[in-house]
Amino acid sequence: MLNSYLIFISIAQVPEKYFYYRPAHPKGLSISSSDHLKRLRFGTHTSEENGYFEQAGVNISYGRTIALLKRLKKGELDFISAPPLEVEWLIDRFMADEKNNFVSTPDEAGVQRVFIIFNRNHAKGEASAEKFRQAFSAMQKDGRFDQIVGKHLGREKGRLYLRRLESFRNGQGE
């Protein structure tokens, strides 16, 4: 199995929200009540846990966030889950004229975790992972990690990811 030789070290969590397209649901959309969920269509990423929605009979579709936003706008989906910063970034760049039509619900959708991954089969894989884990833990304890995040990403974690997307969009990515 792929994960058996990988060592995952979580370095950040990016919160996710549920979003819907206001013209499709002008009175709002509540997903906390399971009695009407069977009629809804939900878009999410393949790695997300969707047991609650599967049990409620929700039709689930998978895709990248930009594709899910486009399907939301077309009326093919009723709601999606995604990090608010990513949704904001994508809408600003690709659907700016629709910005006020994409609305988040008050419900929390969970978190996306960001990992550093080490190969256990590499000669120095486990030792490197342990060394990284110790250094990262020390940086969190003494506040250096928060200083770095604040300096380069602002207060909201996830800005680095968005900055990298921007660099690829402008042809500056690796």
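The values are calculated or read from the model by the stated rules, or taken from the named source; none is laboratory data. What you see is a predicted model, and the numbers here were worked out from it, not measured in a lab. Positions of Cβ are generated from backbone atoms using ideal geometry, with glycine treated the same way; all protein chains shown enter the neighbour counts.
Screening Gly110 against (1) part of a helix (DSSP H, G or I); (2) within 30 Å of Gln134 (Cα to Cα) leaves a single unmet condition, (1). When residues in segment 105-125 are screened for being touching a helix residue (DSSP H, G or I) at 6+ places or on another chain (Cβ under 9 Å) and crowded, with 19+ Cβ neighbours inside 10 Å, 2 of them pass.
Could you look through segment 72-91, keep only residues that are surrounded by fewer than 18 Cβ atoms within 10 Å (Cβ to Cβ) and either among the hydrophobic types (A, V, I, L, M, F, W, C) or in contact with a strand residue (DSSP E or B) (Cβ under 6 Å, 6 or more places away or on another chain) (or both), and pick out the one that is modelled with the highest pLDDT? Full working, then the answer.
Here is the first cut: in segment 72-91, the ones surrounded by fewer than 18 Cβ atoms within 10 Å (Cβ to Cβ) are 73-76, 84, 88.
Still in the running and either among the hydrophobic types (A, V, I, L, M, F, W, C) or in contact with a strand residue (DSSP E or B) (Cβ under 6 Å, 6 or more places away or on another chain) (or both): 73, 84.
Numbers: Lys73: 96, Pro84: 88.
Selected residue: Lys73.
The number of residues in segment 26-58 that are at pLDDT 85 or above and surrounded by fewer than 15 Cβ atoms within 10 Å (Cβ to Cβ) comes to 3.
Condition first: assigned to a helix (DSSP H, G or I) and farther than 20 Å from Glu98 by Cα. Now tell me which residues in segment 34-80 satisfy that. Once the filter is applied, which keeps residues that are assigned to a helix (DSSP H, G or I) and farther than 20 Å from Glu98 by Cα, segment 34-80 yields Ser34, Asp35, His36, Leu37, Lys38, Arg39, Gly51, Tyr52, Phe53, Glu54, Gln55.
Can you find a residue in segment 149-164 that is touching a Gly at 6+ places or on another chain (Cβ under 9 Å), assigned by TED's automatic domain parsing to the domain that holds Pro23 and either modelled with pLDDT under 90 or farther than 30 Å from Ala24 by Cβ (or both)? Talk me through it step by step, then tell me what you get.
So in segment 149-164, the residues touching a Gly at 6+ places or on another chain (Cβ under 9 Å) come out as 164.
So of that shortlist, the ones also assigned by TED's automatic domain parsing to the domain that holds Pro23 come out as none.
There is no residue in segment 149-164 that is touching a Gly at 6+ places or on another chain (Cβ under 9 Å), assigned by TED's automatic domain parsing to the domain that holds Pro23 and either modelled with pLDDT under 90 or farther than 30 Å from Ala24 by Cβ (or both).
For Asn3, the criteria (1) more than 30 Å from Ser137 (Cβ to Cβ); (2) surrounded by fewer than 11 Cβ atoms within 10 Å (Cβ to Cβ) hold in every case but one, which is (1). Return yes when Leu68 is surrounded by 14 or more Cβ atoms within 10 Å (Cβ to Cβ), farther than 24 Å from Leu6 by Cβ and within 14 Å of the chain's Cα centre (by Cα) and no when it is not. Against the criterion (surrounded by 14 or more Cβ atoms within 10 Å (Cβ to Cβ), farther than 24 Å from Leu6 by Cβ and within 14 Å of the chain's Cα centre (by Cα)), Leu68 qualifies.
The residue pairs whose first member lies in segment 48-68 and is closer than 17 Å to His36 by Cβ and assigned by TED's automatic domain parsing to the domain that holds Pro84, whose second member is loosely packed, with under 14 Cβ neighbours inside 10 Å and hydroxyl-bearing (Ser, Thr, Tyr), and whose beta carbons are closer than 7 Å, counting only pairs six or more residues apart or on different chains, are Ala56/Ser34.
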